[in-house]
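The values are calculated or read from the model by the stated rules, or taken from the named source; none is laboratory data. None of these values were measured; they are calculated from a predicted model. Neighbour counts run over all protein chains shown; Cβ positions are idealised from the backbone, glycine included. SASA here: full protein model, heavy atoms, side chains in, ligands and nucleic acids out. Shrake-Rupley method; radii C 1.70, N 1.55, O 1.52, S 1.80 Å.
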Amino acid sequence: VYKKMYNKAPEVVIIHAGLECGILSEKLSGLDCVSIGPDNFDIHTTEEHLSISSTARVWEFLKEVLKEI
């Protein structure tokens, strides 16, 4: 879906995020999971904010993924 929408392969990176994925994958053997979301800045501070344009892109992507399921 990502390649179809953006005409490029998704970038897969490992970052310090997705705590819930780690917790769920420990509890559910064999679970494949990913964490996606908009661009976030200054996380866990009083200046925390996110990119509205990236939020819109994630929303459109998620709707297309759900259509494919």
Exercise. So what J values fall out for the range 9-20 if you push phi through Karplus, 6.51 cos²θ - 1.76 cosθ + 1.60 with θ = phi - 60°, rounded to Hz, Gly and Pro as x?
Worked result: 6, x, 8, 9, 9, 9, 9, 7, 6, x, 3, 4
Exercise. Quick one: if you take sqrt(5λ) for each eigenvalue of the C-alpha gyration tensor of the chain, what semi-axes come out, biggest first, whole angstrom?
Worked result: 21, 21, 11
Problem set entry | Amide hydrogen neighbours beyond the local backbone of residue 39, cut-off 5 Å, H modeled | 51, 54, 55
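Leaving ligands and nucleic acids out of the surface, order 12, 1 by accessible area at 1.4 Å, largest first. Walk me through the intermediate numbers first.
Numbers: 12 130, 1 55 Å².
Ranked from most to least accessible, the order is 12, 1.
Just the number, please: carbon plus sulfur as a percent of the accessible area of the chain, 1.4 Å probe, no ligands or DNA/RNA counted.
Numbers: 3680 of 6270 Å².
Result for the chain: 59 percent of the exposed heavy-atom area is carbon or sulfur.
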Exercise. Using a 1.4 angstrom probe and counting only protein chains, how large is the accessible area of residue 19 in Å², to 10?
Worked result: 120 Å²
Problem set entry | Whole-number percent relative contact order across the chain, with pairs defined as alpha carbons under 8 Å at least 6 apart | 25 percent
Problem set entry | Per residue accessible area in Å² of the chain, where ligands, DNA and RNA are left out and the probe is 1.4 Å | 91 Å²
Exercise. When the dipole is taken about the Cα centre of the chain, and only Lys, Arg (+1) and Asp, Glu (-1) are charged at their Cβ, what size is it in debye, to the nearest 20?
Worked result: 420 debye
